[in-house]
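See structure below.
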There are 2 protein chains.
Amino acid sequence: MFDPVEKLKEFVRHPSISADPSAKEGMKGAREFVAGLLTSIGFSTEIVPTALHPIILAHRGGKPEWPHVIIYGHYDVQPADPLNLWQTPPFEPQIRGHRIYGRGTADNKGPLMTHIAAVARLLERRPDLPLRITFMIEGEEETGSPSFLPFIEKHKDRLQADFVYLSDTGIPRPDQVVITCGLRGLTLFDVVVTGSKMDLHSGLHGGVLRNPIQALAELCASLHTPDGRVNVPGFYDDVLEVEPWERAELAKLGQSEEQYREFLGIPAFHAHKGYTPFEATRFLPTLEFNGIGGGYQGEGTKTVIPSKAFVKISCRLVPNQNPEKIRDLLYKTIRERMPKDVTFELVDQHQGIPYVVVPPDRSNTPKDQSPVLARAFRAADASITEVFGKQPLYLREGGSVPIIADIKRVLGLDSVLFGLFLPEDNLHAPNESFDLNVMEKGIRASEKILESVAKG
Amino acid sequence: MFDPVEKLKEFVRHPSISADPSAKEGMKGAREFVAGLLTSIGFSTEIVPTALHPIILAHRGGKPEWPHVIIYGHYDVQPADPLNLWQTPPFEPQIRGHRIYGRGTADNKGPLMTHIAAVARLLERRPDLPLRITFMIEGEEETGSPSFLPFIEKHKDRLQADFVYLSDTGIPRPDQVVITCGLRGLTLFDVVVTGSKMDLHSGLHGGVLRNPIQALAELCASLHTPDGRVNVPGFYDDVLEVEPWERAELAKLGQSEEQYREFLGIPAFHAHKGYTPFEATRFLPTLEFNGIGGGYQGEGTKTVIPSKAFVKISCRLVPNQNPEKIRDLLYKTIRERMPKDVTFELVDQHQGIPYVVVPPDRSNTPKDQSPVLARAFRAADASITEVFGKQPLYLREGGSVPIIADIKRVLGLDSVLFGLFLPEDNLHAPNESFDLNVMEKGIRASEKILESVAKG
């Protein structure tokens, strides 16, 4: 009998910190542990090299007419420091109450183990299950998945499937599962403004030239309207109108604006007119200043006119905005607005496309939605409702998981994102843990979901 | 016979770096050297303690009806690093061609020695000269003169005089002396804006609040008009209109706008309408951003909405602006304009009042100008014209020398600022030097000036 908690403990004991070059042993240990586990439940398993950390591909074949699901996960974890804040060592998993503590328990070893356990139980019970399954488990998620896109591009032929299934998103309460149906995209760049070629004495030269901080402030101030919209012509042109069902679904979360305001510690919200704060983060694109710098930033004063100043800008994008198009619009606007008495440079950082998937039977469900995907969504709804006692919510999230959009773009596959971790799980922080009750329910629900998908 | 060059060499050999706590010996050496020198030429000399570096007061008394001039100077110098860029050691003075090299040769030991030599020669020739002279030589000029204001406040009674005379300003060419007739004042403060109480993930929370960088940019962008004026109601109310003679005097400098633009390396000037760049730095107040900071400033990207952002603001002020009044106007404007969905703090730094003195016989010469001051100006004009072969120019400068305004405010005395150092003297930089031809002419002119003042 497959014991998911014991297996999870073993998995967590490998310190697979992808960001730490000295953690090679831990990476290898975690990778070989999962690969061995998948082999032991009947998968033909391959460790595929990439430029950095290999990706595990484990396949259960079958007849071509059987549905094919790719289960995604990652075997790498965040660094564990500051170590002194952990109650028990991060790589010595401990169970306290109904929780298992350790680095990676919630992100992503526990949720991944949930689906491995579900598959193990299901195949033990139904060895003849008419379902092709591929586990695709990467080792660079915590460092931005640099090898992932080249990997799926290279192995496109082997990754033909009906949909992708994963748990690497959150839920608000143990009884309220969320199926994430959208993620924002990104475009990021820096603006570097130069005034004089060297820093100047503000007494000797102050009053003859435009300070680059002033030029930058004027530019930045022009990029929003007073009512909170991004003030760049064409910015909203491709934004998909949100459907009433999406607003209704979000309203079921029952969040309090006042509590959210207090959590943020701000005097008042400043959101796009016509959207609640909860809607604004999920349904609308943004333009944010992530950092600004220039001139003297120390204690006291230095009466300098700096030569340079810069700002780091990021836009969160929603369907169907295109990151390159938005970046080009912004560049055009900045070139038009920047005062002509300074020079400037635009430094491209990176892009990520937004993602949205619509469950079946909604006002905006695509007419050509894959029947297997629709079946997976219906199975998830029914199974989660049965096991967790409450229907899941279908929500877009404000964050970005670029691999989901990459999978859609390169492989043409949508994802069913079954949320499993809780706010109190302390992801990326000391004393990370995972709720074993949620895990057990997750296994039961996942087993049912996969069985229903197979039924065909 | 007093040999000013040998005396200057000896003065320079004392490494009197006021900013360097380990340079106490050098400070003491320089101080005692000058005090001894002044004693040797007949002055009654006192080293007056202050909170940090003592001030030398050396007095030549006389009948109460004799005019009384205070000659200001400073015996401290800038640090000498980077030492490897010096061709000869900074505290081992060397003469190459008509220049003497060493830290402090131009700032301020050479110019100070010029006046000591002038006084020595004059008193040798005319031991009965009807002129009271006080040397007031401080040791903290290069660290902002923190002890100077308390000193003149405390010793106000001993510092009753007709005017102050000094050389601690520059000239554009060896044959063109400038008498500085105005200095800008200062008011400096920081604006610190806070949005959320902690840094936020721009995906999860982007779109619901005003980013403090945005609030700061909006504020900063509002502080100037497109035509280069400071956009703060009342800012220009007290600005003294510049007189036609001042513009004419400045025009005689014959500076090239194109050369200045190339020196700065800017595509175009951005000065207050109706003023040349050279006028703008001297006759107009400014508001500059000396530094700005907030959020992520490293390589690459971090998609954060920062909790805080700040800007460091300084205003250069002209007569008759009052630094406290201007600061209060700015604070009022900032409080009115700052968006209400962020919080902010205004952090006062420091203030310095502007200074202006009008030579005699000008359209705006005060009717009650002291006859001794007027005589000093006329003597300076005639003596400099005779010795340097060209009439001096009477110009305001863009920089700030707060002690000059403090002397005016506390002691009621105007200053005759006889410029002596050249752009190529490398003040505050490696290979500082002083032009010995300028020094010798300066001694001759200064001797004549002081003799004329004494004539009465």
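The values are calculated or read from the model by the stated rules, or taken from the named source; none is laboratory data. Here the structure is a predicted model, which is why all the values come from computation and not from measurement. Cβ coordinates were reconstructed from backbone atoms using ideal geometry, including for glycine residues, and neighbour counts include every protein chain displayed.
The set of residues in segment B:348-387 that are in a strand (DSSP E or B) and in contact with a Lys or Arg (Cβ under 9 Å, 6 or more places away or on another chain) comprises B:348, B:349, B:351, B:352, B:355, B:356.
Residue-wise test of (1) aromatic (Phe, Trp, Tyr); (2) assigned to a helix (DSSP H, G or I); (3) more than 25 Å from residue B:52 (Cβ to Cβ).
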site	(1), (2), (3)
B:113	no, yes, no
B:122	no, yes, yes
B:135	yes, no, no
B:186	no, no, no
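Tell me yes or no: at least one residue of segment B:91-112 is over 30 Å from residue B:157 (Cα atoms) and at pLDDT below 95. No, segment B:91-112 has no match at all. One residue stands out among those in segment B:278-301 that are at the interface with chain A (Cβ under 7 Å from one of its Cβ atoms) and either over 14 Å from residue A:310 (Cβ atoms) or under 19 Å from the mean Cα position of the chain (by Cα) (or both): the one that is surrounded by the fewest Cβ atoms within 10 Å (Cβ to Cβ), which is B:280. For segment B:163-182, how many residues meet the condition of being closer than 25 Å to residue B:321 by Cα and assigned to a loop (DSSP other than H, G, I, E, B)? Result for segment B:163-182: 2. Note on segment B:190-210: residues that are more than 24 Å from residue A:402 (Cβ to Cβ), at the interface with chain A (Cβ under 9 Å from one of its Cβ atoms) and in contact with a Phe, Trp or Tyr (Cβ under 8 Å, 6 or more places away or on another chain) amount to 3.
Among all residues of segment A:383-405, there is none that is in contact with an Asp or Glu (Cβ under 7 Å, 6 or more places away or on another chain) and over 28 Å from residue A:247 (Cβ atoms).
Out of A:97, A:104, which single residue is touching a strand residue (DSSP E or B) at 6+ places or on another chain (Cβ under 8 Å) and either buried (at least 22 other Cβ atoms within 10 Å of the Cβ) or closer than 20 Å to residue A:427 by Cβ (or both)? From the options A:97, A:104, the qualifying one is A:104. The single condition from (1) farther than 30 Å from residue A:171 by Cα; (2) at pLDDT below 95 that residue B:167 fails is (2). Could you go through segment B:211-223 and let me know if any residue there is within 30 Å of residue A:185 (Cβ to Cβ), more than 7 Å from every other protein chain (Cβ to nearest Cβ) and out of contact with any Ser or Thr (no Cβ under 7 Å at 6 or more places or on another chain). The answer is yes, given that some residue of segment B:211-223 is within 30 Å of residue A:185 (Cβ to Cβ), more than 7 Å from every other protein chain (Cβ to nearest Cβ) and out of contact with any Ser or Thr (no Cβ under 7 Å at 6 or more places or on another chain). Are any residues in segment B:247-277 at the interface with another protein chain (Cβ under 7 Å from one of its Cβ atoms) and of a type in the set (A, V, I, L, M, F, W, C), and if so, which ones? The answer is B:264, B:266, B:268, B:269, B:271. Take the conditions (1) buried (at least 23 other Cβ atoms within 10 Å of the Cβ); (2) farther than 24 Å from residue B:302 by Cα; (3) not β-branched (Val, Ile, Thr); residue B:206 misses just one of them, which is (2). Taking the criterion of being at pLDDT below 95, buried (at least 17 other Cβ atoms within 10 Å of the Cβ) and part of a loop (DSSP other than H, G, I, E, B), would at least one residue in segment B:2-17 satisfy it? Yes, segment B:2-17 contains a residue that is at pLDDT below 95, buried (at least 17 other Cβ atoms within 10 Å of the Cβ) and part of a loop (DSSP other than H, G, I, E, B). Scanning segment A:255-265 for residues that are in a helix (DSSP H, G or I), surrounded by fewer than 15 Cβ atoms within 10 Å (Cβ to Cβ) and touching a helix residue (DSSP H, G or I) at 6+ places or on another chain (Cβ under 9 Å) turns up just one, A:257. Here the condition is being over 20 Å from residue A:356 (Cα atoms), under 22 Å from the mean Cα position of the chain (by Cα) and touching a residue at least 40 places away in the same chain (Cβ under 8 Å); of A:171, A:133, A:137, A:152, it holds for A:137 alone.
In segment A:312-327, the residue that is nearest to the chain's Cα centre (by Cα) out of those that are outside any loop (DSSP other than H, G, I, E, B) and either more than 7 Å from chain B (Cβ to nearest Cβ) or modelled with pLDDT under 95 (or both) is A:317. Taking segment B:146-198 as the range and being crowded, with 23+ Cβ neighbours inside 10 Å and polar (S, T, N, Q) as the test, the residues that pass are B:167, B:180, B:187.
For every residue, the table says whether it meets (1) of a type in the set (Gly, Ala, Ser); (2) farther than 21 Å from residue B:145 by Cβ; (3) outside the structural domain of residue B:161 (by TED's automatic domain parsing).
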{"position": "B:395", "(1), (2), (3)": "no, yes, no"}
{"position": "B:398", "(1), (2), (3)": "yes, no, no"}
{"position": "B:418", "(1), (2), (3)": "no, no, no"}
{"position": "B:421", "(1), (2), (3)": "no, no, no"}
{"position": "B:424", "(1), (2), (3)": "no, yes, no"}
{"position": "B:428", "(1), (2), (3)": "no, no, no"}
{"position": "B:434", "(1), (2), (3)": "no, yes, no"}
{"position": "B:440", "(1), (2), (3)": "no, yes, no"}
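Name every residue in segment B:290-346 that is in contact (Cβ under 8 Å) with a residue 60 or more places away in the chain and acidic (Asp, Glu), in order of residue number. Within segment B:290-346, B:324, B:341, B:345 meet the criteria. Taken over segment A:411-456, the residue count meeting the criterion of being under 21 Å from the mean Cα position of the chain (by Cα), surrounded by fewer than 19 Cβ atoms within 10 Å (Cβ to Cβ) and in a helix (DSSP H, G or I) is 3. Of the residues making up segment A:328-350, those that are more than 11 Å from chain B (Cβ to nearest Cβ) and touching a Pro at 6+ places or on another chain (Cβ under 9 Å) are A:329, A:332, A:333. Only one entry in B:77, B:48, B:5 is in contact with a helix residue (DSSP H, G or I) (Cβ under 8 Å, 6 or more places away or on another chain) and over 28 Å from residue B:414 (Cα atoms), namely B:5.
Listed here are the residues, each with its yes/no results for (1) part of a loop (DSSP other than H, G, I, E, B); (2) touching a residue at least 24 places away in the same chain (Cβ under 8 Å); (3) not assigned by TED's automatic domain parsing to the domain that holds residue B:363.
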site: B:248; (1), (2), (3): no, no, yes
site: B:253; (1), (2), (3): yes, yes, yes
site: B:267; (1), (2), (3): yes, no, yes
site: B:273; (1), (2), (3): yes, yes, yes
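Residue check: residue A:241 meets all listed conditions (1) in a loop (DSSP other than H, G, I, E, B); (2) modelled with pLDDT of 95 or more; (3) of a type in the set (Asp, Glu); (4) within 29 Å of residue A:371 (Cβ to Cβ) but one, namely (2).
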